[in-house]
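Reading through the structure tokens given below for one structure.
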């Protein structure tokens, strides 16, 4: 089960990483809130369909007395997620994509700190893995640029909210219906993004239709599938390990930009990928040994 959870989180990171390309293409003629509103609308409709088709197992859980609704928890997760994504989107008007990726992924360090504050025990290999992953992300994203801007400050605040989101999901993922939790959080983000788009951006239908595929990918795959995979995966993974695995969205983002957009990968970026992989592997040693002992 532990391996299954890690694979779900890694697949979510892959989808989020490739969505960076979709966002870059999709926002050529759209404001960030308009793009977000359109993608969250598709994600919400997809999850509503998934919730309907999942009614059989839900009824079985209700009869067994193991069903717990996820609507209320989804509102909390959606509120945190909307603030995190909005700060991140606005910040990208003032800073670079590389610095955004690096500062956002500071949740690699913030999550175990928050987990300790909430009474969880974090093992030494998790701290070592987090430091290796953070060093790898630096080489992958920053390229020696160390100056800070107003946008960087906004991204730092968004990283704190992503930390809160990961810890919030860790608290409720195994207690409530994951499809309902995911549907509600995406629905909340959809409503918030539509309000922000109509308040701050010109909303026109033709540019939205022209960007239909990036919106579809960012909506169904990222908002619908990936965030649901995060909720399911965090049922089995500890928050510190989950943070490191999910930070691989930066690696997949660089790789997809290299393959699909023709962007060049430097030797430092390759080394950054290797360091991040080493950090993830180190955090898996104890769970793998524990699973082997349990199976023998």
Problem set entry | Among the candidates 97, 69, residue that is at pLDDT 80 or above, in contact with a helix residue (DSSP H, G or I) (Cβ under 9 Å, 6 or more places away or on another chain) and surrounded by fewer than 20 Cβ atoms within 10 Å (Cβ to Cβ) | 69
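Take the stretch 17-31 and flag every residue that is touching a helix residue (DSSP H, G or I) at 6+ places or on another chain (Cβ under 7 Å) and either part of a loop (DSSP other than H, G, I, E, B) or at pLDDT 85 or above (or both). Can you show your working first?
Filtering the stretch 17-31 for residues touching a helix residue (DSSP H, G or I) at 6+ places or on another chain (Cβ under 7 Å) gives 17-23, 25-27, 29-31.
Passing the criteria: 27, 29, 30, 31.
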Exercise. Which of (1) under 23 Å from residue 166 (Cα atoms); (2) modelled with pLDDT of 90 or more; (3) not in a loop (DSSP other than H, G, I, E, B) does residue 86 not meet, given it meets every other one?
Worked result: (2)
Seminar exercise, completed: Considering only helices (runs of 4 or more DSSP H) wholly within the stretch 206-296, the ones with at least 1 residues that are out of contact with any strand residue (DSSP E or B) (no Cβ under 7 Å at 6 or more places or on another chain) and at pLDDT below 80 are 239-246, 249-260, 267-295
For this session: Scan the stretch 103-127 for residues that are surrounded by fewer than 16 Cβ atoms within 10 Å (Cβ to Cβ) and not in a helix (DSSP H, G or I) and jot them down.
Result: 118, 119, 120, 121
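Can we say residue 63 is touching a residue at least 60 places away in the same chain (Cβ under 8 Å), over 28 Å from residue 87 (Cα atoms) and more than 14 Å from the chain's Cα centre (by Cα)? Give the steps one after another, and end with the answer.
Working: touching a residue at least 60 places away in the same chain (Cβ under 8 Å): no; over 28 Å from residue 87 (Cα atoms): yes; more than 14 Å from the chain's Cα centre (by Cα): yes.
It is false that residue 63 is touching a residue at least 60 places away in the same chain (Cβ under 8 Å), over 28 Å from residue 87 (Cα atoms) and more than 14 Å from the chain's Cα centre (by Cα).
The values are calculated or read from the model by the stated rules, or taken from the named source; none is laboratory data. Everything numeric in this text was worked out from a predicted model, so none of it was measured. Please note: Cβ atoms are built from the backbone with ideal geometry, for glycine as well, and neighbour counts cover all protein chains shown.
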